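Beneath this line is the structure, given in structure tokens, with notes to follow.
The values are calculated or read from the model by the stated rules, or taken from the named source; none is laboratory data. Owing to the predicted nature of the structure, the values given are computational and were not obtained by experimental measurement. Glycine gets a Cβ as well: all are built from the backbone with ideal geometry, and neighbour counts include every protein chain shown. Remember, those area values only see protein heavy atoms, side chains included, never the ligands or the DNA or RNA. Shrake-Rupley method; radii C 1.70, N 1.55, O 1.52, S 1.80 Å.
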Amino acid sequence: MWVLMYVFSYSISPAATNDKAEWRLLPTVVFQEFSNEERCRKAKATLEGSLSGAGAKLRIGLEDLKSLGKADPAQIIIAYNVECLPK
């Protein structure tokens, strides 16, 4: 038995919001069991690709806002870690 574990969190600096309040998502930890290592690693690759893609889209959106003088990609931190672990 294998367990896919991922941790995801993000925060946005106060300068990136209209009300100057800091937005922070506390780390989320998720576990999913798999019957074998291959299925776990496939899910890991898919999840990492999805999280990476989402972060890239967010950064592109922030680049657009930066060009208008409204935001900067440096104002957001996205962190994630995905692991397959034997149970």
* Can you find a residue in the range 80-87 that is under 23 Å from TRP2 (Cα atoms), surrounded by fewer than 11 Cβ atoms within 10 Å (Cβ to Cβ) and of a type in the set (D, E, K, R)? -> yes
* **Of all residues making up the range 25-45, the number that are surrounded by 11 or more Cβ atoms within 10 Å (Cβ to Cβ), touching a residue at least 24 places away in the same chain (Cβ under 8 Å) and small (Gly, Ala, Ser)** => 1
* **Some residue of the range 48-55 being modelled with pLDDT under 80 and open to solvent by less than 50 Å² (accessible area, probe 1.4 Å)** => no
* Asked: Of all residues in the range 62-79 being of a type outside the set (A, V, I, L, M) and at pLDDT below 75, which is most open to solvent (accessible area, probe 1.4 Å)?
  -> LYS70
